[in-house]
Amino acid sequence: MSCVLLVEDNVHISENISLELEMNGYAVNQATNGQEALDILSSMTTLPTLSSVTLTCPASMAMNYSQTAKAIQTGAVYLLFF
């Protein structure tokens with residue numbers, strides 16, 4: 001099963017996207033900001049094949065997340081939304 005790390009600060013949007021992904025066979029980990037995403041990423045035993053990140057997340061951490069995650073994991077796909 002493919003794993004997705006969804007970084008979205010709007011809970012309603014995050015829940016809707018997660019539900020749709022789960023209905024299509026994906027395991028979804030959710031974070032509300034970049035720091036939380038990095039914490040989740042560092043504790044995962046299987047790294048996500050896709051990270052979806054909203055660049056307007058709190059604390060301006062989205063870009064920092066994508067740069068740090070890219071250094072940790074190669075071969076993953078990152079979707080950045082403005």
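Could you rank the peptides 6-13, 30-37 by their average count of other C-beta atoms within 10 Å per residue, with the highest value first?
30-37, 6-13
Given 0.36 nm per residue, what is the gain on full extension from Leu50 to Asn16 after removing their alpha carbon distance, in nm?
Length gained between Leu50 and Asn16: 10.5 nm.
Could you list which residues have their amide H under 5 Å from that of Ser52, counting only those 5 or more apart in sequence or on another chain, with H placed in the peptide plane?
Close amide H contacts, sequence-distant or interchain: Leu5, Leu6, Val7, Leu79.
Values in this text are rule-based calculations from the coordinates and carry no lab data. In this text the structure is predicted, and so the values were computed from the model without any measurement. All Cβ positions, even for glycine, are placed from backbone atoms using ideal geometry, and neighbour counts span all protein chains on display.
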